[in-house]
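The values are calculated or read from the model by the stated rules, or taken from the named source; none is laboratory data. Keep in mind that what you see is a predicted model, and the values were worked out from it rather than measured. Surface accessibility is based on the protein's heavy atoms, side chains included, excluding ligands, DNA and RNA. Shrake-Rupley method; radii C 1.70, N 1.55, O 1.52, S 1.80 Å.
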Amino acid sequence: MKQLGFLIVFLGIVLMPFSAKAGLAVVKVNGMVCDFCAQSLEKVFMEEEGVEGLTVDLDTQEVTIGIEDGQSLSKEKIEELIVYSGYAFIGVTYKEGELPVKEQE
């Protein structure tokens with residue numbers, strides 16, 4: 001039983017970098033060219049449990065996903081949703097913080 005507990009703790013530590021626990025996921029994406037691209041990604045991601053919002057930067061080809069406290073979003077799930085939306089997934093990094101506030105135009 002002690003070995004099982006050690007295994008669970010070990011796996012938790014090893015797998016932790018592959019999902020975010022509240023905060024931000026910054027995703028590099030290839031193929032986004034217009035505002036419709038941003039809207040399609042927003043529609044897909046906002047249907048996902050645990051996503052509180054996202055911003056799309058077409059110049060840097062980055063999607064920043066806000067993840068709710070107590071929720072997680074794995075690299076695999078993010079990649080699946082990006083590819084489903086018709087774009088190429090390049091990579092993701094997780095960090096603490098909040099989504100930037102969109103400026104009113």
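The overall shape of segment 20-105, judged from the alpha-carbon gyration tensor, is oblate: a/c is not under 1.5, and a/b is no greater than b/c. Once the 1.4 Å probe is applied to the protein heavy atoms, segment 44-105 comes out at 67 Å² accessible per residue.
With a cut-off of 8 Å between alpha carbons and a minimum separation of six or more residues, what is the relative contact order of segment 26-105 in percent? Walk me through the numbers on the way to the answer.
Working: 104 pairs, mean separation 32.2, N = 80.
Dividing the mean separation by the residue count of segment 26-105 yields 40 percent.
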